[in-house]
Amino acid sequence: IPETRIVNPPFVSSLSFSHDGKILAAGLGSGHVGVYNAKACETLGAFKAHAMGVSSVEFPTFGNDLKDGLLLTAGSDKSLAMWQGVGGDMGAVKLKVRVGLPEKPNWIATSSFGGAMVAVADCSATIKCCYFRQ
């Protein structure tokens, strides 16, 4: 398999491709999210998503991530955030909503089944599911 290196960011904890495969988001230990044009192998920029490390990133299966640039992030600061404008003009990335969590999240996954559902796995014995209003 040929290797193509885009960047070498510090401590990557999670990766997610946009649904068209052109944009790659990386959750970083610094609390930033790095955003990369995977097709052109170039860095688009980064934004501060959390006060502590980003544990998980995901372009959601609900909404229109190609049009809206929606990205979900979970952080060691015990929060889940939804961002808008990721993959376009990085100066236009905006926090859409932030939700506090009872535990540090380790992983997130999304589903459009029944609406905009987000599953959160943390250190507890329970996977928590919550719904976002669009």
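For Ala46, state whether it is modelled with pLDDT under 95, assigned to a strand (DSSP E or B), among the aliphatic types (A, V, I, L, M) and open to solvent by less than 70 Å² (accessible area, probe 1.4 Å). Spelling it out, Ala46 is indeed modelled with pLDDT under 95, assigned to a strand (DSSP E or B), among the aliphatic types (A, V, I, L, M) and open to solvent by less than 70 Å² (accessible area, probe 1.4 Å). Consider Ser79 against the criteria (1) modelled with pLDDT of 95 or more; (2) farther than 16 Å from Lys96 by Cβ: it satisfies all of them except one. Which criterion is unmet? Failed condition: (2).
Output the residue which, of all residues in segment 16-42 that are modelled with pLDDT of 90 or more and open to solvent by 60 Å² or more (accessible area, probe 1.4 Å), is farthest from Trp107 (Cα to Cα). The selected residue is Lys22.
Could you please let me know if Gly100 is at pLDDT below 90 and not acidic (Asp, Glu)? In short, no. In segment 68-76 there is at least one residue that is among the acidic types (Asp, Glu) and modelled with pLDDT under 90. Checked across segment 77-92, the condition of being among the polar types (S, T, N, Q) and more than 22 Å from Leu24 (Cβ to Cβ) holds for at least one residue.
The values are calculated or read from the model by the stated rules, or taken from the named source; none is laboratory data. All values derive from a computational prediction rather than experimental measurement. When we count neighbours, we look across all protein chains shown, and the Cβ atoms used for this are built from the backbone with ideal geometry, even at glycine. Each accessible area value is taken on the protein alone, full model and side chains, heavy atoms only, with ligands, DNA and RNA left out. Shrake-Rupley method; radii C 1.70, N 1.55, O 1.52, S 1.80 Å.
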